[in-house]
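The values are calculated or read from the model by the stated rules, or taken from the named source; none is laboratory data. All of these numbers come straight from a predicted model, not from anything done at the bench. Reconstructed Cβ throughout: ideal geometry from the backbone, glycine too, with neighbour counts over all protein chains shown. What goes into the accessible areas is simple: the full protein's heavy atoms, side chains included, and nothing from ligands, DNA or RNA. Shrake-Rupley method; radii C 1.70, N 1.55, O 1.52, S 1.80 Å.
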Amino acid sequence: MLEKLKTSLINSPVIKRGEYNYFIHPISDGVPSIDPHMVEEIAEYILQITDIKKVDTILTIEAMGIPVANALSLKTGIPLTIVRKRPYFLEGEVELSQSTGYSKGALYINGLKKGDRVIIVDDVISTGGTLIALVKALKIMGVEILDVISVIGRGTGYLQLNELGVEPKILVTIDVSEKGVEIKNVFGNE
Ligand SMILES: O=P(O)(O)OC[C@H]1O[C@H](OP(=O)(O)OP(=O)(O)O)[C@H](O)[C@@H]1O
């Protein structure tokens, strides 16, 4: 299962972004090109591990959550809502701070209201900085989070989501070092 994803991950180049060992992969970077059959493999797998029936909208974060989240939206007919990196100044817009292992910035939520039921789909969880900030903001908004799914996971950032009462489903967990990427676990193989 997830063979295309696993095989491509172990061949990912790793560069330094400051002190951070950053792996480069089509799903997390769109580099090199994204194989639609790999996206299909991932979307199919997600549909097997999450209950999509009650979901009002699939929520993702600009930019690299979009390819997988959009594939899910197309397959299910459920609308896609994208948390953006620029403001739109619309009524009710919610701003939050995003920090990763190599960047800091702002994110902006539009199009969600209290009571909306969402699944969050992203490409990578590492420090957890992005998803922790998003989950906290959604809870304040009264948005119901039915599931949190990340295609790739590294490090222990996901543990802080547990403290927020969220158990993210991470499809493939990896170790990243200067030597490269190693597969640690596949969701459902525990
Ligand atoms: O767990 P964290 O440490 O927060 O890292 C995970 C985040 O890092 C990337 O976002 P980023 O905005 O860097 O890149 P992108 O625009 O390529 O998605 C990725 O898309 C995740 O959202």
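Among residues that are open to solvent by less than 30 Å² (accessible area, probe 1.4 Å), more than 11 Å from the ligand (Cβ to nearest atom) and within 25 Å of Glu167 (Cβ to Cβ), Leu80 is not included. Applying a threshold of 6 Å to beta carbon distances and a minimum spacing of six or more residues, or different chains, the list of pairs starting in the range 52-67 at a residue that is within 17 Å of Ser126 (Cβ to Cβ) and ending at one that is surrounded by 18 or more Cβ atoms within 10 Å (Cβ to Cβ) and of a type in the set (Asp, Glu) reads Ile61/Asp122; Met64/Asp123; Gly65/Asp122; Gly65/Asp123. Scanning the range 7-61 for residues that are loosely packed, with under 14 Cβ neighbours inside 10 Å and within 16 Å of the ligand (Cβ to nearest atom) returns Pro13, Ile15, Lys16, Arg17, Gly18, Glu19, Val31, Pro32, Ser33. When the range 115-156 is examined, which residues are found to be β-branched (Val, Ile, Thr) and assigned to a strand (DSSP E or B)? Those that are β-branched (Val, Ile, Thr) and assigned to a strand (DSSP E or B): Val118, Ile119, Ile120, Val121, Val124, Ile125, Ile145, Val148, Ile149, Val151, Ile152.
Within this structure, Leu112 passes the test of being part of a loop (DSSP other than H, G, I, E, B), open to solvent by less than 30 Å² (accessible area, probe 1.4 Å) and out of contact with any Asp or Glu (no Cβ under 8 Å at 6 or more places or on another chain).
Does the range 155-168 contain any residue that is within 19 Å of Ile66 (Cβ to Cβ) and buried (at least 18 other Cβ atoms within 10 Å of the Cβ)?
Pass one, the range 155-168, residues within 19 Å of Ile66 (Cβ to Cβ): 168.
From what is left, the residues that are buried (at least 18 other Cβ atoms within 10 Å of the Cβ) are 168.
Checked against the condition, which is being within 19 Å of Ile66 (Cβ to Cβ) and buried (at least 18 other Cβ atoms within 10 Å of the Cβ), the range 155-168 yields at least one hit.
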